[in-house]
Each structure stands twice: as C-alpha cells, then as structure tokens.
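I have placed the structure first, in the form of structure tokens, so that the comments after it can refer back to it.
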Ligand code: TUI
C-alpha cells in the first residue's frame, strides 16, 4: 500500500501485523504472515534468548520479507532476548506489558524499528519523544495481558496525542473491524486471535477448536486482583482462578495456578488445566485456512486496504 506510513516504514505490502502470542507465534507462523504481505511477529513471551534465536533463524530460512520480534517486558529472560534481537538484527521490535524506554536507544542504534504497545496517552507520548517509530494502541478486547481501555476509546485518543503512526489492536476479525480502526485514525492493525486457527500455527487442535467454537461471551478476564489481567477462553482453569480471586487467594497461590498453564493449552491441548488466551473476537473466528488465506479474508471488502 503506497503512501501508507506503516507499509513505507517496514517495506511491507499490507499494514497488518500478526499479534505476538506467547507460545503460539513462532518463526513458522511469523514467516507465513510476512510472506503473505503482512508483518509476522515472533513472540518472545517467557522464552530464553536462545529459543528466540532459533525461531528467528527459522523465520529467516522461510522468508526474505521483514518480520518482527515481540519483547514481553515481564519476562525473566527479557535482557537476553533483547541481546539476541540486537545481534540478529530483525526488522522490527514490538514490546508489551511494560515501558520499554530504557531499551529504545539500543534498538534505534541497531537500525531496528521500535513499535511499543501503549495502553495510555502518557506512554504513547513518552514513546514518541524517545524515538519510537510507531505505537500499537491495544484495547482490552485483545487476548492475553490487557490494559484498561477498549480499542474504541484508546485508538482515537492516541491518534490525537502523537504524530507517529498508530496501529490499532484488539477486537478485529474482519474488514468491518479493520475499517473501524482506520476510521478512528489508525494507519495499521494488529490481529492475533484470527491467526490461532492458521494452518501454520502450532496451537494444539483442541485450542483451535475452542476458538472456532467460541461464542460471543466465551472469554473472561482472570487475574485482575494481581494487577496482571489476562483475557482467556472460559474453562475450568479460568473458573478456579475466579474462585480463588473471590476468596482472597494470595498472589503466590494465583501464580502457582497459572504456572505452566499456557504450555498446557498450546502443546498438550489440556482443556481443563490450560490457559487458552484469546481475544473477545473469538466468537467471529469460524474458518481455518493458511495464514495467507486468513490475512486476505480479513482485508477483503475493506475500503482502506486493497488486496
Ligand atoms: O503484552 C501483551 N499481551 C500479552 S503478553 C503475554 S505473556 C503473559 N503470560 C502470562 C501472564 C502475563 C503475560 C500475553 N499477552 N499485550 C500488550 C500490552 N501491553 N497490553 C498492555 C500492555 C502494557 C501495559 C502497561 C504496555 C505498557 C504498560 O506500561 C505500564 C508502564 O509501566 O507505563
């Protein structure tokens, strides 16, 4: 898309990012999305640096298009993942779950585009001031770790507060959502949940089925009391989490319940004990396909992005 600032910044065809879903967004999925013309993004999640390096190398072997890596700032391996990303010189870094200010100069010096997720105007302005290339305004319709505001409320306020381009995330699954975000002033979108059911996504079959069969009200937010709210598909684990929170569970008890739960969902497909992170839009995800088919289906009919 000529003249779109996100496409020009990254050298990509469509201003569509694949959200960095911990455990799910690996080198294979990221490469498939980048090959389809979007920006694939490898999720650093809580993985050690060398695992992230392996995924970067896999992506490099599968595509010559730009792709990104997301740094999850709560990760115990944050610093080593950052070192790996600097060494491997990926095209772009997105960050989540925290303020990346102290790392921005190093990314910029390495020629890596920096695109933080911002849940507020204050952080968006700060990121612009220290040289971020764009920001992602992620509303709390999104899956996984979420901020306080919805996409509808957050995006126009961030757009009005900064001059750098804004990518909208949270609650988008078809061209109507895409166009709503562009109407709010976004110049790109990020989608995660729609890619869980991509053929190239490693999610366990049970995870894919849960997304495909989800109804409008099947997500819930756990962990509000811990200060780290996480949007997931409702299941036995989310119910146990809710009960523990209601009955004054300690942060340690809550953490113990969550430990290993994402792996249980993604790898083992453990319907009862897994944490099936997902955006609220799961109710609209009804069809599988390759990453390319999913991306093209998403933008077909858009007045802002043309195939
Ligand atoms: O990061 C995400 N979503 C995620 S990370 C993740 S891995 C995880 N696993 C288990 C427990 C917790 C996380 C799963 N989903 N989205 C981006 C995002 N970033 N949403 C909200 C924020 C955010 C919040 C506060 C960004 C910056 C921020 O800054 C606070 C500050 O210090 O100013």
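All of the numbers you see were taken from the coordinates with simple rules; none came from a lab. Note that this is a predicted model, so its numbers are computed, not measured. So basically every Cβ, Gly included, is an ideal-geometry build from the backbone, and we count neighbours across all protein chains shown.
Couple of notes before you dig in:
- Extended-chain gain in nm, criterion 0.36 nm per residue less alpha-carbon gap, residue 205 and residue 86: 39.4 nm
- When shorter helices are ignored and each DSSP H run of at least 4 residues is given -39500 (n - 2.57), the per-residue value for the chain at 222 nm works out to -11000 deg cm²/dmol.
- Net length available on complete extension from residue 61 to residue 106 is 13.7 nm, with 0.36 nm assigned per residue and the Cα-Cα distance removed.
- Cα-based shape type of segment 66-225, given that a ≥ b ≥ c are square roots of the gyration tensor eigenvalues and the cut on a/c is 1.5: oblate
- Those residues of segment 130-157 whose amide nitrogen sits under 15 Å from the label point placed on residue 303, 7 Å along Cα→Cβ: none
- Structural descriptor for segment 45-164: relative contact order 19 percent, calculated from alpha carbon pairs under 8 angstrom and at least 6 residues apart.
- Sorting 181, 7 by the number of Cβ atoms found within 10 Å of their own Cβ, with the fewest placed first, yields 7, 181.
- Straightening the chain between residue 74 and residue 221 buys 51.1 nm, computed as 0.36 nm per residue apart minus the Cα-Cα spacing.
- When you restrict to C-alpha pairs under 8 Å that are six or more residues apart and normalise by the size of segment 94-208, the relative contact order lands at 19 percent.
- Taking every C-alpha pair closer than 8 Å and separated by at least 6 residues, the mean separation divided by the residue count of the chain gives a relative contact order of 16 percent.
- Residues 297, 78, 57, arranged from fewest to most other Cβ atoms within 10 angstrom of their Cβ, appear as 57, 297, 78.
- Where both bridge residues fall in the chain, DSSP classifies roughly 20% of the beta bridges as antiparallel.
- Cα shape, the chain, gyration tensor, a/c 1.5 rule: rounded
- Cα centroid separation, segment 58-98 to segment 204-257 (Å): 27 Å
- Residues within the reach of a label modelled at residue 272 (point 7 angstrom out along Cα to beta-carbon, backbone nitrogen below 12 Å), restricted to segment 216-254, are 236-237.
- Burial ordering of 83, 215, 302, 238, fewest other beta-carbon atoms within 10 Å first: 215, 83, 302, 238
- Three-way shape call for segment 154-285 based on the alpha-carbon gyration tensor, with the a/c threshold at 1.5: oblate
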